[in-house]
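Single-structure report; data block below.
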Amino acid sequence: METVRKIAIPLSAIVIFFIFWEWLVWVNQWPNYKMASPSDLWPAFWKFKGLFLSYGWDTLWRTVAGLLIAIIVGTGFGMVMGLSRFMREALYPLLVGFNAIPKATLVPVIALMFVGADDMNTVMMAFLISFFPIAVSVSIGLSTLEPEYRDILKSLGASRFTIFVKIALPKTLPEFFGALKVAVTLAFIGTNLVEIIEPHGKGLGFLFDSGKISADYPLMFAVLIALAFLGILLYYIVVMLEKIFAGWAERAET
Amino acid sequence: MKEENQIEINNVTHAYQTDDGPLPVLKNLNISVPINSFVAVVGPSGCGKSTLTRLIAGLMMPDEGEVRLHGEVITSPKSSVGMAFQNPVLLEWRSILKNVLLPLEIVSNNLSQKQKVDRAMSLLSLVGLEGFEDKRPSELSGGMRQRASLCRALVHRPEVLILDEPFGALDAFTREDLWQIMHELRKEEAFTTLMITHDLRESVFLADQVVVMSGRPANSQFVLDVTLGNERTLEDLYTEKSVKMLAKLRHEIQIAQGRSTKTEENA
Ligand SMILES: Nc1ncnc2c1ncn2[C@@H]1O[C@H](COP(=O)(O)OP(=O)(O)O)[C@@H](O)[C@H]1O
Ligand SMILES: [Mg+2]
């Protein structure tokens, strides 16, 4: 019953959203170049189904690869900053400054630095745009560890490494997953930035761009829906991992 | 060196380095805790009581003087110490049983997993937490969490138990329950206790000796021998003997706080 509810409610919300969309376009008599309606999307999907699959895969794996690097590097930065006040004070302004740069401006820079290495450039952008929240959350999680937690183990003669593995790491997991949910979405934006600004014949972003050039508006909207679908997919994978590894942090429903 | 003392604080002086220069906290402090006895330490807030516990646990070294456990000068944390604080600091991602088992994962021992679990379970049932071993800390009340914290502090059979205001955040009746449990634990297990508290009744009910620390920089200003027997009931706190001890302690605390003149305030 509970699982039926958990699936039925969001699913009906999506259906209602599409019906409302269809109705809005119909009532206003909008032409396709203003706003395509959901019923126009299916033909677009069908016509380009092969491209959607292979481009969707390009976008997906490059996003996930960027995200994985972001997790490794972000956690690394977070650990260094969380465990050493000196490093925190040194690195924080640099990271904030870097994060403040609009990433769209970096696309041509990276494209010029590594001409032709399209996969790498795309993965790199997904990584660059998404590692900041992970670094910040891990560093905050570690630096706000109450000293008593450390003292409990330290007074037994535990090493710094043991304290980190037994206490600091698990205690930081809820914050980490919170940041990962943000990072997933950001990584997607990073991948698509490259695919749209520096099109290189790969990814959903490229499909979007071709739709724009050939004035195929239903195709453009279909790409948006496909992106949303991938985003939802990745997001819920993270939610599932969170349930498994940090489910203890969930407050019991009252 | 006196053999019969489990904990000896010898002429300990300590200061913290702060932005406004050194903050002297302890000055020529001397405290002795005989083996298997229970010493309560009371004193004005901020006088250095928690500092004292961290020195005994080997988490810090004193500027001057020495801390001895069982005659041995402390230079680093010793696994013969168990600690519990006002905040029970249970690990939310572990069950109660796994929380209690934590020290056995760190302190070297040659117990099998079954022996470890048996040990933890016997302590849990001693403090009335049987049946709660698989619960998460967040599912327990404050008093129950503190009981679990006591079990964790004792599971590796430490010689010394250090308690820093362990019952300070509990309501009065829960606190009295935990006093009884402390007595139960002492009947079953052999350990020497140094307990920080700001509850004078608690100190008299639980301790063999009460040390009053002076204001900062603190030394031991007054030591009271609690003349109640080993079998104590809460009613004993309301006998004339106890009331006199409490009044004496109250008086000493006021001196420590620098207001020795009589006030309307009650203990
Ligand atoms: N790490 C520290 N650095 C600087 N000052 C500290 C530190 N820890 C405690 N103090 C100060 O030392 C004094 C004694 O602290 P503490 O031992 O915690 O007192 P108590 O437990 O008796 O309330 C307080 O004034 C406190 O602010
Ligand atoms: Mg304190």
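For residue A:191, the conditions (1) free of Cβ contacts under 8 Å to residues at least 24 places away in the same chain; (2) under 28 Å from residue A:94 (Cβ atoms) are fulfilled apart from (1). Residues in the range A:167-181 that are open to solvent by 50 Å² or more (accessible area, probe 1.4 Å) and more than 17 Å from the chain's Cα centre (by Cα): 2 in all.
Checked against the criteria, residue B:239 does not count as at pLDDT below 90 and out of contact with any Phe, Trp or Tyr (no Cβ under 7 Å at 6 or more places or on another chain). Determine, yes or no, whether residue B:126 is over 25 Å from residue B:55 (Cα atoms) and buried (at least 17 other Cβ atoms within 10 Å of the Cβ). For residue B:126, the condition - over 25 Å from residue B:55 (Cα atoms) and buried (at least 17 other Cβ atoms within 10 Å of the Cβ) - is met. Among the residues of this structure, residue A:214 does not count as one that is open to solvent by less than 20 Å² (accessible area, probe 1.4 Å) and either without any contact (Cβ under 8 Å) to a residue 24 or more places away in the chain or touching a helix residue (DSSP H, G or I) at 6+ places or on another chain (Cβ under 6 Å) (or both). Annotation note: Cβ proximity below 6 Å between a residue of the range A:195-211 that is within 18 Å of residue A:125 (Cα to Cα) and a residue that is among the charged types (D, E, K, R) and surrounded by fewer than 24 Cβ atoms within 10 Å (Cβ to Cβ) (sequence gap 6+ or interchain) occurs for A:196/A:209; A:199/A:209; A:200/A:118; A:202/A:58; A:203/A:58. The set of residues from the range A:151-165 being open to solvent by less than 50 Å² (accessible area, probe 1.4 Å) and either charged (D, E, K, R) or away from chain B (no Cβ under 14 Å) (or both) comprises just one member, A:151. Restricting attention to the range B:20-31, the residues that are open to solvent by 10 Å² or more (accessible area, probe 1.4 Å) and within 16 Å of ligand 2 (Cβ to nearest atom) total 1. Residues of the range B:32-74 that are facing another protein chain (nearest Cβ under 10 Å) and either away from ligand 1 (no atom under 16 Å from the Cβ) or open to solvent by less than 30 Å² (accessible area, probe 1.4 Å) (or both): B:53, B:56, B:57, B:58, B:59. Taken together, the residues in the range B:129-154 that are part of a loop (DSSP other than H, G, I, E, B) and touching a strand residue (DSSP E or B) at 6+ places or on another chain (Cβ under 8 Å) amount to 0.
Can we say residue A:43 is assigned by TED's automatic domain parsing to the domain that holds residue A:143, under 30 Å from residue A:17 (Cβ atoms) and open to solvent by 70 Å² or more (accessible area, probe 1.4 Å)? Yes, satisfied. Just to be sure I understand, how many residues within the range B:187-231 are charged (D, E, K, R) and touching a Gly at 6+ places or on another chain (Cβ under 7 Å)? Qualifying residue count, the range B:187-231: 1.
Look at the range B:28-54: where a residue is of a type in the set (S, T, N, Q) and a partner is near ligand 2 (Cβ under 10 Å from one of its atoms) and in a loop (DSSP other than H, G, I, E, B), sitting 6+ places away or on another chain with Cβ atoms under 8 Å, you get B:45/B:198. The conditions of being open to solvent by 20 Å² or more (accessible area, probe 1.4 Å), at negative phi, assigned to a strand (DSSP E or B) and more than 14 Å from chain A (Cβ to nearest Cβ) are not met by residue B:115.
Return the residues of the range B:127-141 that are within 14 Å of another protein chain (Cβ to nearest Cβ) and hydrophobic (A, V, I, L, M, F, W, C); say none if nothing qualifies. Correct list: B:140 only. So for the range A:221-237 (the condition being touching a residue at least 40 places away in the same chain (Cβ under 8 Å), within 19 Å of the chain's Cα centre (by Cα), within 14 Å of another protein chain (Cβ to nearest Cβ) and in a helix (DSSP H, G or I)), does at least one residue qualify? Scanning the range A:221-237 turns up no residue that is touching a residue at least 40 places away in the same chain (Cβ under 8 Å), within 19 Å of the chain's Cα centre (by Cα), within 14 Å of another protein chain (Cβ to nearest Cβ) and in a helix (DSSP H, G or I).
Just one of the listed residues (A:146, A:175) is within 14 Å of another protein chain (Cβ to nearest Cβ) and free of Cβ contacts under 8 Å to residues at least 24 places away in the same chain, namely A:146.
Does residue A:246 meet the test of being more than 10 Å from chain B (Cβ to nearest Cβ) and either under 15 Å from the mean Cα position of the chain (by Cα) or part of a helix (DSSP H, G or I) (or both)? Considered against the rule, which asks whether it is more than 10 Å from chain B (Cβ to nearest Cβ) and either under 15 Å from the mean Cα position of the chain (by Cα) or part of a helix (DSSP H, G or I) (or both), residue A:246 comes out as no. Does residue B:216 fit the bill of being under 16 Å from the mean Cα position of the chain (by Cα), of a type outside the set (S, T, N, Q) and at pLDDT below 95? Judged against the criteria, residue B:216 is not a match.
Taken residue by residue, the range B:161-180 has at least one member that is in contact with a strand residue (DSSP E or B) (Cβ under 6 Å, 6 or more places away or on another chain) and among the charged types (D, E, K, R). Considering the range B:211-247, and only residues there that are in contact with a Ser or Thr (Cβ under 7 Å, 6 or more places away or on another chain) and within 16 Å of ligand 2 (Cβ to nearest atom), the residue that is farthest from residue B:50 (Cα to Cα) turns out to be B:211.
You will find that of B:103, B:88, B:77, the residue that is part of a helix (DSSP H, G or I), away from ligand 1 (no atom under 16 Å from the Cβ) and either within 14 Å of chain A (Cβ to nearest Cβ) or of a type in the set (Phe, Trp, Tyr) (or both) is B:103 and no other. Inclusion of residue A:78 among residues that are in a helix (DSSP H, G or I) and surrounded by fewer than 17 Cβ atoms within 10 Å (Cβ to Cβ) is not warranted. Give the residues of the range A:90-128 that are closer than 29 Å to residue A:168 by Cβ, touching a helix residue (DSSP H, G or I) at 6+ places or on another chain (Cβ under 9 Å) and either open to solvent by 20 Å² or more (accessible area, probe 1.4 Å) or not assigned by TED's automatic domain parsing to the domain that holds residue A:191 (or both), sorted by residue number. Correct list: A:90, A:91, A:92, A:96, A:98, A:99, A:127, A:128.
The values are calculated or read from the model by the stated rules, or taken from the named source; none is laboratory data. Keep in mind that what you see is a predicted model, and the values were worked out from it rather than measured. Neighbour counts run over all protein chains shown; Cβ positions are idealised from the backbone, glycine included. In case anyone asks, the SASA skips ligands and DNA or RNA and just uses the protein heavy atoms, side chains included. Shrake-Rupley method; radii C 1.70, N 1.55, O 1.52, S 1.80 Å.
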